[in-house]
Amino acid sequence: MHHRMLQRQLQKLGLDPNERPATDEAWQALLDRISRAYDDSDQGRYLLERSLAISSREMQELYDNLQKASESRIAAERDKLREAKKDLEKRVAARTSELSEANQQLLVELTERREAERQIRKQATLLDHAQDAICVLDVRERITYWNKSAERLYGWTRAEALGRRAGHLLFGAANAQYAEARALVLADGEWTGELKQVTKDNTDLTVESRWTFVQGPDDELGSILIVNTDVTEKKVLEMQFLRAQRMESLGTLAGGIAHDLNNILGPILMSTQMLQMKLKDERSRRLLHTMESGTQRAADLVRQVLSFARGVKGERVVVPLRPLIAELAKILQRAVPRSIRIRFDVAPGLWTVDGDVTQLHQVLMNLCLNARDAMPNGGVIDVTASNIVLEPPYARLHVDAKAGPYVLVQVADTGQGMTAEVQDKLFEPFFTTKEKGTGLGLSTALGIITGHGGFINVYSEPGRGTCFKVYLPAAAEAATLPGHGTEEESDIGRGELVLVVDDELAFREITREFLEEHGYRALTACDGIEALEIYQRFQDEIRAVITDIMMPEMDGRDLIRALHGLDPGLKVIAASGLTTNENLAQTTGVAVEAFLPKPYETEQLLTTLDRILNGTDTVGVQRSL
């Protein structure tokens, strides 16, 4: 009731009875306002006091209620906070556990990654030790991987090769084989075949190539893995083997024909001789003599064919070649016109060979007469003989060669020379370039030398003459090899730098390795242009130059002139399978300190280098590189 009365009084005063002051200051302001309203009225003052008294009690009650409500809310909030804390602790614990598991997983992944990287490094090291050249191309044909064997095979370092286009680097220009291989591997996933490639110094290579397309992860563009095996030497030997098989087949055929011809010629010859005994008139005897002569010539041809086909063996004895060559010289003086000069050079202490004197004489005579026929306008024939030891690297380059001691007989001329096509068929029976030739001379010579365990090499170029090199195994009791065997050769170099120039990679590298093994340092160049560039960089260090005569781009003659223009006192050794030192000086006016016949003879090379560099001489057995 008092409460309602107070509300009415407040409404009369224009105050909101539901409005509760929140602070003591607000209560004091309200009381001041009410006091002013009732200042002039006792009744009003009484009612105000009563209202205020009532309001104070209610206010206390309200305060107490509010206090209780606040404490209840605080307790509720405290409980909520306590629950929230527990929930947060659970969530933190769960997250901590998740993070711990994630850390453990990350640690495992890092360990696995390190192991994978170690395995990758190990595999990369193994790939670098592989004998095959291995590279990887991306889809734009650029090289992304290049192992050590690729560096050794092609001459390009990894830094030089990475990022380069494989077509330009390995083929030199647009190549149909390369384009076809790439198209097939992209279509079928793999390709295998032989490719013709070039090295950094433009040396031709034949490789057996295996291509595999490898798809990248997550649809990433793939790569092409290429594994190349150098089969250049193998292809040369295969060619020689196929040629030998072809010769063997021709020999079998020729042997069969010769057998049948003998069966035909035998009765003819016997009948002719019997008729000569019965017929006495001069005309008949003259005709019979003509028939007999023709039959005998045919029989001689048959014997030559049989010699080629079956390697007919005569009586084998120990043959000293010096008297044989001396006898050959006497015969050739009468058989060769005056426009042709013949020179003989037989090394002292020439080893003997096991052979048939007649057959060996026939071979040398045939080669000399062929040299004569190749020079209708005159020229020079050089016949030389020397001891030589074939080392395994050179022996591997010829299918019939074996490492060991040989007597090398060379017959060189300054005639017309031969093309590669003619050389390929040179030893086939009945092949000839002469108008009246039988085509059996060289095939018979090859059969005889092969039957003696030797082999023949030919070096020739059109317009530059021809050189036949006949290798005959030295007789076992004659080939005493001082310094060859268990006794090692001493290094005679003193660190001198030598520049080796040759377009044949095999000769270039073997010569370099040999020089380095004997105390020299060596640089190599594949032609005259590269040699000049190297010489200009190392002019103060290079003491001597060994150069081949016949090379592409700039040949040996032009190189020697250019080098002497830079340094007239430079020591130069020329080498060739055709030209001699005298011919070199006479035909070009180029003079050198020494001349070496190819293949290089190692002891002669050491002797020559030591002589021109130090003015000394060493004596030993010649060894072929």
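The values are calculated or read from the model by the stated rules, or taken from the named source; none is laboratory data. Given the structure is predicted, the values throughout are model-derived calculations rather than measurements. Because the Cβ atoms are built from the backbone with ideal geometry, glycine has one as well, and the counts that use them run over all protein chains shown. With ligands, DNA and RNA removed, areas are computed over all heavy atoms of the protein, side chains included. Shrake-Rupley method; radii C 1.70, N 1.55, O 1.52, S 1.80 Å.
Which of the residues spanning region 595-616 are farther than 15 Å from residue 384 by Cβ and at pLDDT below 65?
So the first thing to find is which residues in region 595-616 are farther than 15 Å from residue 384 by Cβ, and the list is 600, 602-603, 605-616.
600, 602, 616, listed by residue number.
Please enumerate the residues belonging to region 373-389 that are outside any strand (DSSP E or B) and more than 18 Å from residue 328 (Cα to Cα).
Just the residues of region 373-389 that are outside any strand (DSSP E or B), to begin with: 373-378.
Hits for region 373-389 are 374, 375, 376, 377, 378.
Could you list, in sequence order, the residues of region 438-472 that are closer than 12 Å to residue 374 by Cβ and not in a strand (DSSP E or B)?
Step one: list which residues in region 438-472 are closer than 12 Å to residue 374 by Cβ, which gives 460, 462-468.
Of everything in region 438-472, those that are closer than 12 Å to residue 374 by Cβ and not in a strand (DSSP E or B) turn out to be 462, 463, 464, 465.
Pairs needed: first member in region 449-461, closer than 16 Å to residue 237 by Cα; second member anywhere, open to solvent by 20 Å² or more (accessible area, probe 1.4 Å) and at pLDDT 85 or above; C-beta distance under 8 Å; at least 6 residues apart or different chains.
458/418
Collect the residues in region 336-371 that are part of a helix (DSSP H, G or I) and either surrounded by fewer than 19 Cβ atoms within 10 Å (Cβ to Cβ) or modelled with pLDDT under 85 (or both), keeping them in residue-number order. Give the derivation first.
Our first condition is that a residue be part of a helix (DSSP H, G or I); within region 336-371, this holds for 357-371.
357, 358, 359, 361, 362, 365, 366, 369 - these are the residues of region 336-371 that are part of a helix (DSSP H, G or I) and either surrounded by fewer than 19 Cβ atoms within 10 Å (Cβ to Cβ) or modelled with pLDDT under 85 (or both).
With respect to residue 569, determine if the residue is at pLDDT 85 or above, in a loop (DSSP other than H, G, I, E, B), open to solvent by less than 60 Å² (accessible area, probe 1.4 Å) and on the phi > 0 side of the Ramachandran plot.
Values: at pLDDT 85 or above: yes; in a loop (DSSP other than H, G, I, E, B): yes; open to solvent by less than 60 Å² (accessible area, probe 1.4 Å): yes; on the phi > 0 side of the Ramachandran plot: no.
When the stated conditions are applied, residue 569 does not pass them.
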